[in-house]
Amino acid sequence: MASRPEVIAPPEIFYDDSEARKYTSSSRIVQIQATLSERALELLALPDDGIPKLLLDIGCGSGLSGETLTENGHHWIGLDISASMLNVAVEREVEGDLLLGDMGQGLGVRPGVVDGAISISAVQWLCNADKSSHNPRLRLKAFFTSLYKCLSNGARAVFQVYPENIDQRELILNAAMHAGFAGGIVVDFPHSSKRRKEFLVLTCGQRSVNSSVAKGKNEDGESCSDEDSEDEENQTVCISDRHRPRKKQKKNNKSGKGKEWILRKKEQMRRRGNAVPQDSKYTGRKRKDRF
């Protein structure tokens, strides 16, 4: 089994001139990108009013997914960290505006001007620390916070992702929820190991209060029923509850924080990718009143 690109090298190094041209010239990849982009655009659920929308294509690469946006009559801005990929996009004369940047440092787009965002196979790259200064949790926070600011009220963002494991899936979803988004995971072909595709569908603003996440597709191309999502591994939709206060009031706990509380908090920090000391017999041990 081939190694995942994100574990081989950082994206700006992996997608050099040779790899960028090889990627764009593959008819198989072009077809896959077009199919995934069409599905992401469908999940955006843009209003059918005939007015072109301004969309973000995050991790746009050589503009393959952007071409789908153009074909559907929309304007788009593409962001990518690979200069080689963007050079190929310029050579192909794509219609969108192109930006060279690292999404893990924020998007740098004016607040409230974007009508929607898509991303194909890019967000999972943020779960890797390619430099000593990289913290996946902080980079995801910077990305989703800046995305939430630049989207207009009620806009959606759809990300097709390939999380390596459950921990990465939870890391990405939790970062999005903490930034203020509502939504969840949509899985197409949940029972197929080859065709299975995961989409993170997010909504910001007032529309998120009553919005629901679309259902995935089965092998026949039809929407999955609720019976297809009984177990966690083959889950079709996972919607996070946003009907909760923004900040929970602190409770006065006079009894103090015991060992179980400390172990639980340390486990939460480990799942977020933080460096946490190993547990020992001294973990949660109460100090004496005197030395």
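The values are calculated or read from the model by the stated rules, or taken from the named source; none is laboratory data. Everything quoted here is computed from the prediction, not taken from an experiment. In this analysis, Cβ positions are derived from the backbone assuming ideal geometry, glycine residues included, and neighbour counts consider all displayed protein chains. Areas reflect the complete protein model, heavy atoms only, side chains present, ligands, DNA and RNA absent. Shrake-Rupley method; radii C 1.70, N 1.55, O 1.52, S 1.80 Å.
Here are a few things to note about the model shown:
- Residue in segment 84-98 that is on the phi > 0 side of the Ramachandran plot, surrounded by 15 or more Cβ atoms within 10 Å (Cβ to Cβ) and touching a residue at least 12 places away in the same chain (Cβ under 8 Å) present: no
- Residue in segment 19-30 that is in contact with a helix residue (DSSP H, G or I) (Cβ under 7 Å, 6 or more places away or on another chain) and of a type in the set (Lys, Arg) present: yes
- In segment 46-74, the residues that are within 14 Å of VAL114 (Cα to Cα) form Cβ pairs under 6 Å with partners that are part of a strand (DSSP E or B) and open to solvent by 50 Å² or more (accessible area, probe 1.4 Å), at six or more places apart or across chains, as follows: PRO52/HIS75; LYS53/ASP115; LEU54/HIS75; LEU54/ASP115.
- Cβ-Cβ under 7 Å pairs, at least 6 apart or on other chains, segment 188-207 side closer than 12 Å to GLY116 by Cβ, far side modelled with pLDDT of 85 or more and in a helix (DSSP H, G or I): VAL201/LEU43; LEU202/ALA176; CYS204/TYR148
- Of the helices (runs of 4 or more DSSP H) lying entirely inside segment 14-75, those carrying at least 1 residues that are in contact with a Cys (Cβ under 9 Å, 6 or more places away or on another chain) and either open to solvent by 50 Å² or more (accessible area, probe 1.4 Å) or closer than 26 Å to GLY106 by Cα (or both) are 64-71.
- Criterion (over 22 Å from SER3 (Cβ atoms) and surrounded by fewer than 22 Cβ atoms within 10 Å (Cβ to Cβ)) met by exactly one of ASN128, ASN135: ASN135
- Taken together, the residues in segment 15-45 that are of a type in the set (A, V, I, L, M, F, W, C) and in contact (Cβ under 8 Å) with a residue 60 or more places away in the chain amount to 7.
- Verdict on ILE166 being β-branched (Val, Ile, Thr), closer than 26 Å to GLU42 by Cα and touching a Cys at 6+ places or on another chain (Cβ under 9 Å): no
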